[in-house]
Amino acid sequence: MLIDLHAHSTVSDGTERPADVVAAAAAAGLGAVALTDHDQTSGWAEAAEAARRHGIGLVPGMEVSCKTRRGISVHLLSYLHDPAHPGLLEEINKAREARVHRARRMVELLSEDFPIDWDMVNSHSAPGATIGRPHIADALVAAGVAGDRSEAFSTVLTSHSRYYVGHYAVDPVDAVRLVREAGGVPVFAHPVASGRGRVVGEDVFAAMIDAGLLGLEVEHRDNPAEGRAFLRALAAEHGLITTGSSDYHGTGKPNRLGENTTDPAMLERIMAAGTGTSAVGLG
Ligand code: AMP
Ligand code: FE
Ligand code: FE
Ligand code: ZN
């Protein structure tokens with residue numbers, strides 16, 4: 001069975017509705033997919049219904065935005081957590097609100113040099129979606145400033161850009177604790193993706209593992225080969241789950257569903273450890 005545990009919908013910065021992500025997963029021949037929108041779980045019900053219709057498994061998930069004390073961005077995948085856990089909810093709500101202020105500020109800075117405004121960004125995001133730079137990228141594409149999202153990211157939207165503004169996000173060690181408290185399975189997303197910005201040092205890995213981290217996303221297109229070897233060794237040393245996933249964003253990124261997959265034995269471990277909500281169609 002082919003399993004892909006990282007996909008985004010219009011609930012965050014993917015371009016397809018949750019039901020369409022699940023339909024695309026079924027069409028790609030996957031037996032199970034996880035919906036992991038940024039800082040939000042409002043796509044779970046629609047995805048679950050679609051999974052039942054298409055006869056594939058759904059692992060409800062989320063990708064929690066985090067930031068270390070040194071300002072390094074960390075993404076923490078959470079599987080099967082209780083979506084109503086107050087502590088975790090408080091943090092993701094804070095991050096979503098901070099993302100709006102940050103995006104407005106970036107658009108303000110960008111509008112000094114490019115023909116974009118907040119209404120254009122809004123028109124490229126679904127109501128209630130977690131706002132991110134990809135939505136700003138869509139406005140830049142519509143304005144003819146960039147050819148696609150990737151071009152916008154490699155130019156004016158990079159974290160080194162003069163238009164870049166950061167936003168509040170929970171410390172990754174606290175996030176690991178909260179996900180565990182919520183009955184979820186915390187898996188460090190694309191941990192060595194150096195192309196996206198600075199990555200954390202071994203001290204942060206150690207602190208996250210001490211706090212209850214259960215897995216590492218090893219097979220991800222943004223993890224370079226040397227980094228994957230380090231991750232495999234770390235997983236072996238600490239008995240961590242390892243996953244492989246696409247990080248699908250619909251047409252918003254080149255990543256294709258099933259381009260990396262997770263061993264069924266690893267999904268079993270995730271299902272055994274996750275107690276906050278149930279998977280759909282996986283026994
Ligand atoms: P943000 O969350 O606002 O900081 O923006 C980061 C998000 O943009 C991540 O979730 C990525 O999936 C997405 N992203 C990063 N690089 C690219 C790219 N080259 N093309 C499209 N989306 C990207
Ligand atoms: Fe994203
Ligand atoms: Fe991510
Ligand atoms: Zn992602």
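Read-outs throughout are calculated quantities, based only on the coordinates presented, and are distinct from any laboratory measurement. This is a predicted model, so every value here is computed, not measured. Cβ coordinates were reconstructed from backbone atoms using ideal geometry, including for glycine residues, and neighbour counts include every protein chain displayed.
The order of the peptides 210-217, 87-94, 131-138 by mean Cβ neighbours within 10 Å, most packed first, is 131-138, 210-217, 87-94.
Helical runs assigned H by DSSP (4 residues or longer) give the chain a calculated mean residue ellipticity at 222 nm of -12000 deg cm²/dmol, each run adding -39500 (n - 2.57) before division by the residue total. For region 30-61 and region 200-251, what is the separation of their C-alpha centers, rounded to whole Å? For region 30-61 versus region 200-251, the Cα centre distance is 22 Å. Counted over all Cα-Cα pairs of region 141-283, pairs farther apart than 22 Å make up 49 percent.
Most tightly packed first, judged by the mean number of other beta-carbon atoms within 10 Å of their residues, the peptides 195-204, 72-81 read 72-81, 195-204. Distance between the pseudo-spin-label points of E226 and T275 (7 Å out from Cα toward the beta carbon): 4.1 nm. Legend: calculated FRET efficiency, R162 to E90, from the Cβ-Cβ distance at R0 = 22 Å, rounded to 0.05, equals 0.10. Taking the simple approach of a point 7 Å from Cα along Cα-to-Cβ for both A126 and S150, what is their distance in nm? It is 2.4 nm. Dividing the Cα radius of gyration of region 102-154 by its Kirkwood radius returns 0.92 for Rg/Rh.
Summary of packing: across the peptides 5-15, 40-50, 220-230, 238-248, the per-residue average of other C-beta atoms within 10 Å ranks them, highest first, as 5-15, 238-248, 40-50, 220-230.
Distance distribution note for the chain: the fraction of Cα pairs above 33 angstrom is 16%.
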